[in-house]
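Please find one structure pasted underneath; my questions will follow.
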Amino acid sequence: MPSSDETIQSALQDYKYGWVTEIEQEYAPKGLNEDIVRMISAKKNEPEFMLEWRLRAYRHWLKMNAPQWPYFEYGPIDYQNQYYYAAPKSDKPKPKSLDEVDPEILATYEKLGIPLKEQEVLAGVAVDAVFDSVSVGTTYKAKLAELGIIFCSFSEAVENHPELVQKYLGTVVPYTDNFFATLNSAVFSDGSFVYIPKGVRCPMELSTYFRINAADTGQFERTLIVADEGAYVSYLEGCTAPKRSGNQLHAAVVELVALKDATIKYSTVQNWYPGDKDGNGGIYNFVTKRGKCLENAKISWTQVETGSAITWKYPSCILQGDNSVGEFYSVAVTNNHQKADTGTKMVHIGKNTSSTIVSKGISAGVGQNVYRGLVQINKKAGNARNYTQCDSMLMGDKCGAHTFPYIDVRNNSAHVEHEATTSKIGEDQIFYCQQRGLSEEDAVNLIVNGFCKEVFRELPMEFAVEAQKLLSISLEGSVG
Amino acid sequence: MSLLEIKNLCASIEGKQILKGVNLTVNPGEVHAIMGPNGSGKSTLSQVLAGNEAYEVTSGEIIFEGKNLLEMAPDERACEGIFMAFQYPVEIPGVGNTYFLKTAYNAVRKYRGLEEVDAVEFIKIMKEKAKLVELDDKLLKRNVNEGFSGGEKKRNEIFQMAVLDPRLAILDETDSGLDVDALRTVAGGVNKLRDEKRAIVCITHYQRILNYLEPDIVHILADGRIVRTGGSELAHEVEEKGYAWLEQGAA
């Protein structure tokens, strides 16, 4: 019997989504300057306000430095040595329907388990698929349009609904926000846009699938979801990328706006390429996600982070309106050399606001897992409540779990609770399961899934199943 | 053919020799009691039988139904029909008792080339077995052993045994920590699971559980060896005189 460390090092399932699709790509020249920003904007036929916003962001970005505060180190990123725009080359200007989308791209999504064409026919989830920088097709558009719901690529939204984009873009994450969000604001390529009109409950899960295909390409999506008064929407996001020996940057921005009485549920299953077992390659997943809640509104973030070499993100809630509610449920897995610094910020501004944070970190190999969270209760936020629970599970003895909770309370009527635990996956638990007939792998899966249950039950059904599978793949061979 | 044959078994943990040549033969339908003072190696014997890798078998053989048990992983042993009721049943937070047991049940069936059962069928089986060993239905809905009282945990072990239907059941100090009423219920459950095909090995420090189980054969384990084997009268003798006289006899 090898020691558990040896097993961790030797046994790791290959990344299943590591293939590359051979299609002709159109690139902007490598590097970044005002001309590239202008070119991206021109490619997308953007109105003047959009170009100006991008340029303001770009000029601001030039004055900024990359942040140095995360717990781990990462190599310097050469921003001039990558492509900021890559799109599947097509003779036609833009696919009008799925029939016009390059069959190779559709085949790619089929491999990933999201056959777009079928989804259009079968009842289920409406999907917007983003391939490198361009959105390739949105299913169910017509059906949603009957309810007045807009679900399209960001580029289309800029073209067809510029007034909505102009009204809400940057209202939650301003272009000056942080180094990566500012870079995204300058060069963002595509992403999804959702608008749910007043009082409408979106009848199906909306979903975006992101895939990075081209080499040396940064992916900078921008997603904006607006739920008007009393509206409800549940949105899912999934991600994969091919195996590359170098690191690729993924710097996305997601903005959620929940107006009075609205609810937005945002779920992510992030499975970007994590690099090989020696820590070469993999995605740098540096993402800014934030939502704003007006009166009685609710935003709930659920994330399952199993991929990426480095994950660095804090889906947050600005609880601006009275009685608004913010939730954050997270499972982050780091195996081999993966690093995750993730958590949330709950900013209580309105009265009677409440927030819940449940974070589950699982570390294996030499992976490092950091929970970093801020709970801020402002002066006027009377009767605010927060409950935070941070649990870490360690597999083997070379990984690490770290917790940095920041609590900032400026109102005496606040109730803030914080609970944290760290445990090692128990040899005794595994033995107990094995004695009942479960294989060691099944035993680990069972125990880990039990550990993550509070988060998984927040996911929509079909995603919960996928998340469980992903987790078992990510951790295969981690305990020996 | 005997069900279980242990020949000259020696085992150690962290370099310390605990079992020093155990010989034991168990036939189908028999109930054996293994008694012994603290530190005699009782629990080590049950852990080694179940395949706990913290223990190292330094020499000897364990043959179960003609197969070499020592070459099998713990889950294979379980699938072959060995069940151990743990002295300290382990809690598995977030994992439902029903789901856990269904997964185990189907793993065993799969190993034996049988078709897996679906949730509806499994719940039927489970309810029937719960009734048999007088387990409260409410425990089925809770997480595995999480927040169970000592008695509930032990009852849950016997219930799992009833569901998994093993050929050989090892009860590792199942009586410890139980009050008289709980002991009676647990032992009652075990008695209902006695049949001519199944063997039960009950490991205990005290004689009291044997009043209910009425073993066919009683062994005394002292300092890593079986020093005396007899009928149920041996258990009563221990109850009266303690273990000291036997250990002296062994030396």
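The values are calculated or read from the model by the stated rules, or taken from the named source; none is laboratory data. Worth saying up front: this structure is predicted, and the values here are computed from it rather than measured. Cβ: placed from backbone, ideal geometry, glycine included. Neighbour counts: every protein chain shown. These area figures cover heavy atoms from the full protein model, side chains too; ligands, DNA and RNA do not enter into them. Shrake-Rupley method; radii C 1.70, N 1.55, O 1.52, S 1.80 Å.
Which of the residues that make up segment B:205-251 are touching a helix residue (DSSP H, G or I) at 6+ places or on another chain (Cβ under 7 Å) and part of a strand (DSSP E or B)?
Those that are touching a helix residue (DSSP H, G or I) at 6+ places or on another chain (Cβ under 7 Å) and part of a strand (DSSP E or B): B:Val218, B:Ile220, B:Leu221, B:Ala222, B:Arg225, B:Val227, B:Arg228.
Could you give every pair whose Cβ atoms fall below 9 Å, whose first residue belongs to segment A:36-55 and is without any contact (Cβ under 8 Å) to a residue 60 or more places away in the chain, and whose second residue is assigned to a helix (DSSP H, G or I) and surrounded by fewer than 14 Cβ atoms within 10 Å (Cβ to Cβ), counting only separations of at least 6 or pairs across chains?
A:Leu51/A:Ala42
Among the residues of segment B:56-72, are any closer than 30 Å to B:Gly147 by Cβ, within 11 Å of chain A (Cβ to nearest Cβ) and either free of Cβ contacts under 8 Å to residues at least 60 places away in the same chain or open to solvent by less than 40 Å² (accessible area, probe 1.4 Å) (or both)?
No: segment B:56-72 contains no residue that is closer than 30 Å to B:Gly147 by Cβ, within 11 Å of chain A (Cβ to nearest Cβ) and either free of Cβ contacts under 8 Å to residues at least 60 places away in the same chain or open to solvent by less than 40 Å² (accessible area, probe 1.4 Å) (or both).
So if I check each of B:Phe148, B:Phe159, which one is within 14 Å of another protein chain (Cβ to nearest Cβ) and surrounded by fewer than 21 Cβ atoms within 10 Å (Cβ to Cβ)?
The unique qualifying residue is B:Phe148.
Identify all residues within segment B:37-50 that are within 12 Å of chain A (Cβ to nearest Cβ) and either of a type in the set (Val, Ile, Thr) or open to solvent by 10 Å² or more (accessible area, probe 1.4 Å) (or both); write none if there are none.
Residue satisfying the conditions is B:Gln47 alone.
Which of the residues belonging to segment B:174-184 are surrounded by fewer than 19 Cβ atoms within 10 Å (Cβ to Cβ) and either of a type outside the set (Asp, Glu) or touching a residue at least 24 places away in the same chain (Cβ under 8 Å) (or both)?
Selection gives B:Ser176, B:Gly177, B:Asp179, B:Val180, B:Ala182, B:Arg184.
Here's a check for you: in segment A:411-462, which residue that is within 7 Å of chain B (Cβ to nearest Cβ) and of a type in the set (Lys, Arg) is most open to solvent (accessible area, probe 1.4 Å)?
The extreme case among them is A:Lys453.
Could I ask something else about it? If you go through segment A:48-70 one residue at a time, do you hit one that is open to solvent by 90 Å² or more (accessible area, probe 1.4 Å), on the phi < 0 side of the Ramachandran plot, part of a loop (DSSP other than H, G, I, E, B) and modelled with pLDDT under 60?
No: segment A:48-70 contains no residue that is open to solvent by 90 Å² or more (accessible area, probe 1.4 Å), on the phi < 0 side of the Ramachandran plot, part of a loop (DSSP other than H, G, I, E, B) and modelled with pLDDT under 60.
Looking at segment B:80-94 only, could you name the residues that are open to solvent by 10 Å² or more (accessible area, probe 1.4 Å), at negative phi and within 10 Å of chain A (Cβ to nearest Cβ)?
Once the filter is applied, which keeps residues that are open to solvent by 10 Å² or more (accessible area, probe 1.4 Å), at negative phi and within 10 Å of chain A (Cβ to nearest Cβ), segment B:80-94 yields B:Glu80, B:Phe86, B:Tyr88, B:Pro89, B:Val90, B:Glu91, B:Pro93.
So how many residues does segment A:371-382 have that are in a loop (DSSP other than H, G, I, E, B) and touching a strand residue (DSSP E or B) at 6+ places or on another chain (Cβ under 8 Å)?
2
Can you pull out the residues in segment A:314-329 that are within 20 Å of A:Phe463 (Cα to Cα) and outside any strand (DSSP E or B)?
The answer is A:Pro315, and nothing else.
Further question on the same structure: For B:Tyr111, state whether it is within 18 Å of B:Arg167 (Cα to Cα), in contact (Cβ under 8 Å) with a residue 24 or more places away in the chain and over 19 Å from the mean Cα position of the chain (by Cα).
yes
Filter segment A:343-354 for residues that are among the hydroxyl-bearing types (Ser, Thr, Tyr), assigned to a strand (DSSP E or B) and open to solvent by less than 10 Å² (accessible area, probe 1.4 Å) and give the result.
Of everything in segment A:343-354, just one residue is among the hydroxyl-bearing types (Ser, Thr, Tyr), assigned to a strand (DSSP E or B) and open to solvent by less than 10 Å² (accessible area, probe 1.4 Å), namely A:Thr344.
For every residue, the table says whether it meets (1) more than 15 Å from the chain's Cα centre (by Cα); (2) on the phi < 0 side of the Ramachandran plot; (3) open to solvent by 10 Å² or more (accessible area, probe 1.4 Å); (4) modelled with pLDDT of 90 or more.
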site	(1), (2), (3), (4)
B:Ala187	no, yes, no, no
B:Asp216	yes, yes, yes, yes
B:Gly230	yes, yes, yes, yes
B:Gly249	yes, yes, yes, no
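Here is a further query. Against the definition (open to solvent by 70 Å² or more (accessible area, probe 1.4 Å), in contact with a helix residue (DSSP H, G or I) (Cβ under 7 Å, 6 or more places away or on another chain) and more than 9 Å from chain B (Cβ to nearest Cβ)), how does A:Lys398 come out, yes or no?
Here the answer is yes, as A:Lys398 does meet what is asked.
Something else now. Could you check how many residues of segment B:119-145 are of a type in the set (Lys, Arg), within 19 Å of B:Gly189 (Cα to Cα) and open to solvent by 70 Å² or more (accessible area, probe 1.4 Å)?
4
Look at A:Ala332 and say whether it is modelled with pLDDT under 95, in a strand (DSSP E or B) and open to solvent by less than 30 Å² (accessible area, probe 1.4 Å).
yes
Tell me which residues, restricted to segment A:355-380, are surrounded by fewer than 24 Cβ atoms within 10 Å (Cβ to Cβ) and modelled with pLDDT of 90 or more.
A:Thr356, A:Val358, A:Arg372, A:Leu374, A:Gln376, A:Asn378, A:Lys379, A:Lys380
Within segment A:295-313, which residues are of a type outside the set (Ser, Thr, Tyr) and farther than 14 Å from A:Ser359 by Cα?
Hits for segment A:295-313 are A:Glu295, A:Asn296, A:Ala297, A:Lys298, A:Ile299, A:Gly307, A:Ala309, A:Ile310, A:Trp312.
A further question follows. Could you list, in sequence order, all residues of segment A:294-326 that are modelled with pLDDT of 95 or more, open to solvent by 10 Å² or more (accessible area, probe 1.4 Å) and within 15 Å of the chain's Cα centre (by Cα)?
Those that are modelled with pLDDT of 95 or more, open to solvent by 10 Å² or more (accessible area, probe 1.4 Å) and within 15 Å of the chain's Cα centre (by Cα): none in segment A:294-326.
Considering each residue of segment B:95-107, count those that are facing chain A (nearest Cβ under 10 Å) and either open to solvent by 10 Å² or more (accessible area, probe 1.4 Å) or over 23 Å from B:Leu49 (Cβ atoms) (or both), and give that number.
Number satisfying all stated conditions: 7.
Give the number of residues within segment A:302-313 that are outside any strand (DSSP E or B) and without any contact (Cβ under 8 Å) to a residue 60 or more places away in the chain.
So the answer is 1.
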